[in-house]
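Here the structure is laid out as structure tokens; the discussion comes afterwards.
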Amino acid sequence: MAQTPDSDMHNDFQPQVKSTPAASAAEQIQQDIKDHKVFVYMKGNPEAPMCGFSNMVCKILDAYGVEYSSRNVLTDPDIREGVKKFSEWPTIPQVYINGEFVGGSDILMGMHESGELKKVFLDEKA
């Protein structure tokens, strides 16, 4: 992990930023969505989302009792930019179901409100 220099702060308390080379960022993204039925690229983590949109995605998935994995894009700038290129979608969070990009928080909310998301997860359990 690389450290961000900050002369007023002890090394133990400086923000930690992990950088992944671009080629391996794409490989990591492919591996993440291949290994998990539901995967979320988000700001923060499900226990402590760091933006309202990421929080909304977690709340929606939690409401369905769906198991999902996530990656905090704030800790790796290459993954943060790489996932935007991978999906051709400019914003975070990003939700993948069965290896396919579904969308962000607005798309997931729309699917939830229309009942489409319930059908997706019922088909998964069948």
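The values are calculated or read from the model by the stated rules, or taken from the named source; none is laboratory data. From a predicted model like this one, the values you see are computed outputs, not experimental measurements. Neighbour counts are summed over all protein chains in view; Cβ atoms, including those assigned to glycine, are modelled from backbone coordinates with ideal geometry. These area figures cover heavy atoms from the full protein model, side chains too; ligands, DNA and RNA do not enter into them. Shrake-Rupley method; radii C 1.70, N 1.55, O 1.52, S 1.80 Å.
Odds and ends about this structure:
- Test: residue in the range 74-86 that is open to solvent by less than 60 Å² (accessible area, probe 1.4 Å) and part of a loop (DSSP other than H, G, I, E, B): yes
- If you go through the range 78-96 and keep only what is aliphatic (A, V, I, L, M) and either within 14 Å of residue 58 (Cα to Cα) or touching an Asp or Glu at 6+ places or on another chain (Cβ under 8 Å) (or both), you end up with 92, 95.
- Exclusive hit being surrounded by fewer than 18 Cβ atoms within 10 Å (Cβ to Cβ) and free of Cβ contacts under 8 Å to residues at least 60 places away in the same chain, set 99, 110, 103: 110
- For residue 89, the criteria (1) assigned to a loop (DSSP other than H, G, I, E, B); (2) under 12 Å from the mean Cα position of the chain (by Cα); (3) of a type outside the set (S, T, N, Q) hold in every case but one, which is (2).
- Within the range 38-53, residues that are assigned to a strand (DSSP E or B) have Cβ atoms under 6 Å from residues that are basic (Lys, Arg) in these pairs: 41/71, counting only partners at least 6 apart in sequence or on another chain.
- Among all residues of the range 41-57, there is none that is surrounded by fewer than 21 Cβ atoms within 10 Å (Cβ to Cβ), touching a Gly at 6+ places or on another chain (Cβ under 8 Å) and among the basic types (Lys, Arg).
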